[in-house]
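Note sheet for the following structure.
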Amino acid sequence: MSHEGIRIVSKEQDALEAEAERPLPRIAITPEKVRVLLTEGKGLEIDWADGHKSAWTFAWLRDACPCATCNEERKADGRKSGQPKPKPTELLPMYTPPAKPASAHAVGRYALQFNWLDGHSGGIYSWDYLRKNCQCRECTFAAAETPGVPN
């Protein structure tokens, strides 16, 4: 008899995880203005319908790719979304260009997809995913103050 997938968690941990999985209100995941700053090489900025403003660097977005392959790789390495891969411990490491997309396009009315210069294009960044992983000072502070909730 296998017990794979069985986890024992406290009531407090279960409540924290349930709160993190609770859907956000529609107004919180409705973008009013989306700016992909390709020419500047900066990243993505979104003004949300509820007045909140979010911004992500291209490096963070690439390291937080929500595709199945990248999720599995992060899980195996024990990394959170947006956390870069550990640098190899070589005497003369190879140069890797900064993460930058060649293009970006809307996916329906619910997401954004990047075609990265490294050839990767499998990740679909839903508005919900982006808002839940907002990198503004207010949101990162709130996430740090709530232990046990995965980012």
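The values are calculated or read from the model by the stated rules, or taken from the named source; none is laboratory data. Here the structure is a predicted model, which means the values were calculated and not measured. Positions of Cβ are generated from backbone atoms using ideal geometry, with glycine treated the same way; all protein chains shown enter the neighbour counts.
Annotation: of all residues in the stretch 5-52 being more than 14 Å from Y110 (Cα to Cα), of a type in the set (K, R) and modelled with pLDDT under 95, the one that is farthest from the chain's Cα centre (by Cα) is K11. With respect to (1) more than 30 Å from S10 (Cα to Cα); (2) at pLDDT below 95, the lone exception for G148 is condition (1). Checked against the criterion of being at positive phi, within 12 Å of the chain's Cα centre (by Cα) and not polar (S, T, N, Q), the candidates G82, G78 yield just one match: G82. If you filter the stretch 97-123 down to residues that are aliphatic (A, V, I, L, M) and under 15 Å from the mean Cα position of the chain (by Cα), you find that the one that is farthest from W56 (Cα to Cα) is A111. In the stretch 75-123, the residue that is surrounded by the most Cβ atoms within 10 Å (Cβ to Cβ) out of those that are β-branched (V, I, T) and modelled with pLDDT under 95 is T96.
Among the residues making up the stretch 37-56, those that are on the phi < 0 side of the Ramachandran plot and in contact (Cβ under 8 Å) with a residue 24 or more places away in the chain are L38, L44, I46, W48, D50, H52, K53, S54, A55, W56. Taking (1) touching a helix residue (DSSP H, G or I) at 6+ places or on another chain (Cβ under 8 Å); (2) within 22 Å of S103 (Cβ to Cβ) in turn, A49 satisfies each apart from (2). Take P93 and tell me if it is free of Cβ contacts under 8 Å to residues at least 60 places away in the same chain, under 17 Å from A59 (Cα atoms) and out of contact with any strand residue (DSSP E or B) (no Cβ under 8 Å at 6 or more places or on another chain). No; evaluated as a whole, the condition is false for this residue.
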